[in-house]
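Visitor: Shown below is the structure under consideration.
The values are calculated or read from the model by the stated rules, or taken from the named source; none is laboratory data. Computed from a predicted structure; not experimentally measured. No Cβ is skipped: glycine too gets one built from the backbone with ideal geometry, and neighbour counts run over all protein chains shown.
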Amino acid sequence: MPVSSKFLTGLLVLISLAGCSDSASETKVAPKAALPVEIFIVGNQNAEREINAVGTVRYRRETPLGFTTAGKVAIVRFEEGDVVKRGALLAALDTTNVGADMSVATAERDRVRAEFDRVRVLYADGWITKARFEAAEAMLKSAEARVRQADFASSTAQLYAPSGGVVLMRNVQAGQVIAAGTPALMLGEADEGFVFRVPIVDRDASKLRVGMAADISIESAGETPLTATISEIDGRANAGTGAFSVQFRLPNLPTLRSGQIGTATLKLPASDSGAILQIPASALFGVRTGEGLVYVVDAKNRVETRNVLIQRVMDDFVNVSGGISPGDKIVTSGLEKLRTGSAVRIVKGLR
């Protein structure tokens with residue numbers, strides 16, 4: 001029985017539609033399943049950070065003392081560690097040369113003064129010129145200046161204690177010839193009290209301010225920590241270490257001695273770029289100098305990438321700032337399978 005053309009046309013259309021349906025079903029992609037992850041919920045428990053710095057007790061003023069002229073040391077009256085009173089004679093030079101210089105300068109001044117008196121009379125009577133009179137006047141002023149210089153050398157040939165205190169260092173012996181300006185003794189001035197000096201690295205020193213409090217533990221001065229405040233912060237770091245010297249004013253206690261070793265405990269404020277937050281080290285990836293990345297789970301259970309600043313690395317945790325806030329959910333496992341926008345399923349959460 002012959003097949004009609006209309007029947008053949010309809011059959012071809014059905015076959016074509018069936019082929020298209022099969023092709024569409026083959027190209028349809030099933031949605032990806034959410035990846036299981038563990039998370040850490042960020043807290044604000046580390047807004048402050050405590051540091052400990054080892055330092056040394058010093059007198060606030062440790063003054064080197066020396067002679068203004070060279071000479072032979074005649075006497076040194078104190079040893080290192082001796083306590084002295086204000087105005088006590090510490091050491092003196094042999095004044096033989098100084099006395100001779102004074103005698104010569106005085107004699108020369110008297111001679112020049114007599115000559116000047118004679119020239120002044122002649123000038124008043126018109127016998128000499130004004131230039132001759134001015135030259136004689138200049139010679140007198142020069143002679144008087146030499147007398148004052150010799151008198152100053154004589155008065156500074158002795159070293160007196162500018163304050164009550166302790167002899168910290170003695171560099172000379174009787175009979176030794178010493179150059180002008182060379183420190184002969186160093187005096188710790190008790191009137192100015194004690195300070196505690198510690199080196200602090202630049203990252204931490206930038207957060208310190210004068211007046212901030214600290215606990216100073218000095219074992220040789222007693223078991224109870226001393227409360228002290230920052231009195232000075234160096235304006236320039238040490239060229240060798242890169243650290244800044246921070247000075248704490250100590251109470252004036254009889255148990256304190258220059259050179260004692262102790263530890264200062266300070267609480268540093270939060271970072272200027274935001275609160276310091278603590279997260280597990282396993283949450284970080286893409287770490288480079290001072291920075292790293294974390295995955296944060298949003299309200300739709302998808303992850304987004306955040307950049308954080310690394311403040312401090314510990315054994316299992318890292319202190320960071322910037323990019324995250326308290327309450328954020330940070331992915332701590334399965335990071336290698338994630339990409340920005342990946343759907344996740346939380347299987348475990350920690351605080």
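Visitor: Could you please give the count of residues in the range 39-61 that are crowded, with 17+ Cβ neighbours inside 10 Å and at pLDDT 90 or above?
Guide: Of the residues in that region, 8 qualify.
Visitor: On to the next question. So, restricting to strands (runs of 3 or more DSSP E) that lie completely within the range 277-343, which ones have at least 1 residues that are charged (D, E, K, R)?
Guide: On the way: elements: 277-280, 285-288, 291-297, 303-313, 317-321, 329-331.
Filter on the range 277-343 gives 285-288, 291-297, 303-313, 329-331.
Visitor: Any residue that is assigned to a loop (DSSP other than H, G, I, E, B), surrounded by fewer than 16 Cβ atoms within 10 Å (Cβ to Cβ), at pLDDT 90 or above and of a type in the set (G, A, S) - is there at least one of those in the range 222-244?
Guide: no
Visitor: Against the conditions (1) part of a helix (DSSP H, G or I); (2) under 18 Å from Y59 (Cβ atoms), where does P162 fall short? Just the number, please.
Guide: Every condition holds for P162 apart from (1).
Visitor: I'm checking my understanding of the structure. Among residues of the range 152-202 that are of a type in the set (D, E, K, R) and within 29 Å of A53 (Cβ to Cβ), which one is surrounded by the fewest Cβ atoms within 10 Å (Cβ to Cβ)? Spell out how you get there, then give the answer.
Guide: Step one: filter the range 152-202 for residues of a type in the set (D, E, K, R), giving 170, 189, 191-192, 197, 202.
Next, only the ones that are within 29 Å of A53 (Cβ to Cβ) stay: 189, 191-192, 197, 202.
Working: E189: 18, D191: 13, E192: 15, R197: 17, D202: 10.
Here the residue is D202.
Visitor: Quick one: would you say V119 is touching a Lys or Arg at 6+ places or on another chain (Cβ under 8 Å) and of a type in the set (V, I, T)?
Guide: On the way: touching a Lys or Arg at 6+ places or on another chain (Cβ under 8 Å): yes; of a type in the set (V, I, T): yes.
Here the answer is yes, as V119 does meet what is asked.
Visitor: Also, quick follow-up: Hey, K267 hits all of (1) assigned to a strand (DSSP E or B); (2) farther than 30 Å from A228 by Cα; (3) of a type in the set (K, R) but one; which does it fall short on?
Guide: (2)
Visitor: Out of the range 63-89, which residues are touching a Ser or Thr at 6+ places or on another chain (Cβ under 7 Å) and assigned to a strand (DSSP E or B)?
Guide: G66, the sole residue that qualifies.
Visitor: Please identify the pairs in which a residue from the range 206-217 that is assigned by TED's automatic domain parsing to the domain that holds E232 and part of a strand (DSSP E or B) has its Cβ atom under 7 Å from the Cβ atom of a residue that is surrounded by 12 or more Cβ atoms within 10 Å (Cβ to Cβ) and aromatic (F, W, Y), counting only partners at least 6 apart or on another chain.
Guide: A214/F248; I216/F196; I216/F248
Visitor: Moving to a separate point now. Listed residues A153, A157, A135; which is in contact with a helix residue (DSSP H, G or I) (Cβ under 9 Å, 6 or more places away or on another chain) and farther than 30 Å from E79 by Cα?
Guide: Working: A153 fails: farther than 30 Å from E79 by Cα; A157 fails: farther than 30 Å from E79 by Cα.
Matching residue, one of A153, A157, A135: A135.
Visitor: Within the range 117-158, count every residue that is free of Cβ contacts under 8 Å to residues at least 40 places away in the same chain and either in a helix (DSSP H, G or I) or within 24 Å of D101 (Cβ to Cβ) (or both). Give the steps one after another, and end with the answer.
Guide: Our first condition is that a residue be free of Cβ contacts under 8 Å to residues at least 40 places away in the same chain; within the range 117-158, this holds for 117-145, 148, 155.
Still in the list and also either in a helix (DSSP H, G or I) or within 24 Å of D101 (Cβ to Cβ) (or both): 117-124, 130-145, 148, 155.
The number of residues fulfilling the criteria is 26.
Visitor: If you don't mind, there's one more thing I want to ask. For A114, which of the numbered conditions (1) modelled with pLDDT of 90 or more; (2) surrounded by 13 or more Cβ atoms within 10 Å (Cβ to Cβ); (3) not assigned by TED's automatic domain parsing to the domain that holds A283 fails to hold?
Guide: (2)
Visitor: Tell me whether the range 321-330 contains one or more residues that are in contact (Cβ under 8 Å) with a residue 60 or more places away in the chain, under 30 Å from I41 (Cβ atoms), touching a Pro at 6+ places or on another chain (Cβ under 9 Å) and surrounded by 16 or more Cβ atoms within 10 Å (Cβ to Cβ). Even if it seems obvious, please write down each step before you answer.
Guide: First, pick out the residues of the range 321-330 that are in contact (Cβ under 8 Å) with a residue 60 or more places away in the chain: 324-330.
Right, trim to under 30 Å from I41 (Cβ atoms) and you get 324-330.
Next, only the ones that are touching a Pro at 6+ places or on another chain (Cβ under 9 Å) stay: 330.
Those left that are additionally surrounded by 16 or more Cβ atoms within 10 Å (Cβ to Cβ): 330.
Yes.
Visitor: From the set of residues in the range 90-104 that are touching a Ser or Thr at 6+ places or on another chain (Cβ under 7 Å) and closer than 16 Å to A180 by Cα, which is modelled with the lowest pLDDT?
Guide: V98
Visitor: Do the conditions hold for I330, that is, is it within 37 Å of the chain's Cα centre (by Cα) and closer than 20 Å to D204 by Cβ? It would help to see each step written out before you state the result.
Guide: Working: within 37 Å of the chain's Cα centre (by Cα): yes; closer than 20 Å to D204 by Cβ: no.
Considered against the rule, which asks whether it is within 37 Å of the chain's Cα centre (by Cα) and closer than 20 Å to D204 by Cβ, I330 comes out as no.
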